[in-house]
């Protein structure tokens, strides 16, 4: 399996995830992607867009909504499925958990987005743009990218290495 990493991905994050993927026997190359951050050369119709945490995802959805929506529309028009992989940590393991998220910004600004409001927005995005939301810890990112982009054979190989 060869995974293409977008050159606009943060350098230190790219290095961390490349190390994880290399340990799993995955080769990586870097070049600009049309949408997303990670793509398997075997299936360019599925991409993973990594978010460092819910705070970043919330900023994309709320403050950078137009840019974010335009990327989702580009993917939809090109027939590309986007999987958003959010490295939030143990307390958020699925989309339903977002509903109960305590946004740390609410303490400073009562108008900050609540977990319930973010959940509603993400559910709409999921349904309207065919986006899949996945969550993991930073230590799991490489493995999750490989699972999400890999076919059945890659998943079986991964299971044997764990």
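The values are calculated or read from the model by the stated rules, or taken from the named source; none is laboratory data. This is a predicted model, so every value here is computed, not measured. For neighbour counting, all protein chains shown are included, and Cβ atoms are generated from backbone atoms with ideal geometry for every residue, glycine included.
Here are some notes:
- Residue in region 52-72 that is in contact (Cβ under 8 Å) with a residue 24 or more places away in the chain and either assigned to a strand (DSSP E or B) or exposed (fewer than 13 other Cβ atoms within 10 Å of the Cβ) (or both) present: no
- Residue 75 satisfies every condition listed in (1) farther than 22 Å from residue 120 by Cβ; (2) in contact with a strand residue (DSSP E or B) (Cβ under 7 Å, 6 or more places away or on another chain); (3) not in a strand (DSSP E or B) except (1).
- Residue within region 119-136 that is in contact (Cβ under 8 Å) with a residue 24 or more places away in the chain and at positive phi present: yes
- Residue match in region 86-96 (condition: farther than 28 Å from residue 16 by Cα and crowded, with 19+ Cβ neighbours inside 10 Å): no
- Filtered by the rule that a residue be under 18 Å from residue 81 (Cα atoms) and surrounded by 12 or more Cβ atoms within 10 Å (Cβ to Cβ), region 3-39 gives 3, 4, 5, 6, 33, 34, 35, 36, 37, 38, 39.
- Check on residue 105, surrounded by 12 or more Cβ atoms within 10 Å (Cβ to Cβ), modelled with pLDDT under 95 and assigned to a helix (DSSP H, G or I): yes
- Some residue of region 7-19 being in a helix (DSSP H, G or I) and either closer than 30 Å to residue 117 by Cβ or in contact with a helix residue (DSSP H, G or I) (Cβ under 7 Å, 6 or more places away or on another chain) (or both): yes
- Failed item, numbered, when residue 28 is tested on (1) part of a strand (DSSP E or B); (2) under 13 Å from the mean Cα position of the chain (by Cα): (2)
- Output for region 33-46, where each listed residue is part of a strand (DSSP E or B) and without any contact (Cβ under 8 Å) to a residue 60 or more places away in the chain: 44, 45
- If you go through region 1-14 and pick out every residue that is closer than 15 Å to residue 141 by Cβ, at pLDDT 95 or above and in contact with a strand residue (DSSP E or B) (Cβ under 6 Å, 6 or more places away or on another chain), you end up with 2.
- Subset tally (residues that are in contact with a strand residue (DSSP E or B) (Cβ under 9 Å, 6 or more places away or on another chain) and under 19 Å from residue 147 (Cβ atoms)) for region 15-32: 7
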